[in-house]
1. Give the range 3-43 a look and list any residue that's at pLDDT 85 or above, among the aliphatic types (A, V, I, L, M) and loosely packed, with under 12 Cβ neighbours inside 10 Å, or say none.
2. Is there any pair with a first residue in the range 46-66 that is free of Cβ contacts under 8 Å to residues at least 40 places away in the same chain and a second that is outside any loop (DSSP other than H, G, I, E, B) and open to solvent by 90 Å² or more (accessible area, probe 1.4 Å) whose Cβ atoms are under 8 Å apart and which are 6 or more apart or on different chains, and what are they?
Amino acid sequence: MIRPLSDRVVIEPKEAEAKTASGIYIPDTVKEKPQQGTVVAVGPGKKDEPMELKAGDTVLYGKYSGNEVTVGEKKYLIVKQSDILAVIQ
């Protein structure tokens, strides 16, 4: 498992849609990078900026934010708390 440091958050990105609402299949070459995922782990936060997120939160993040890492077979995204745009409830 990954344990993030400081104000960083580990996110498991949501899978990109394979089919449109009208039933057309989207090839892998044109799928958009997902901007939604589930928080897997959070760091302890900074002294002057406590963590507002917790594991299990569903979040929206910037399209080009964070670093992708692969652990075993799974892909994760590590972002700063400030790169997260919203929590979906």
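1. Passing the criteria: only LEU5.
2. If the second residue must be outside any loop (DSSP other than H, G, I, E, B) and open to solvent by 90 Å² or more (accessible area, probe 1.4 Å), the pairs left are LEU60/LEU85; GLY62/LEU85.
The values are calculated or read from the model by the stated rules, or taken from the named source; none is laboratory data. Being a predicted model, the structure only gives us computed values, none of them experimental. All Cβ positions, even for glycine, are placed from backbone atoms using ideal geometry, and neighbour counts span all protein chains on display. Each accessible area value is taken on the protein alone, full model and side chains, heavy atoms only, with ligands, DNA and RNA left out. Shrake-Rupley method; radii C 1.70, N 1.55, O 1.52, S 1.80 Å.
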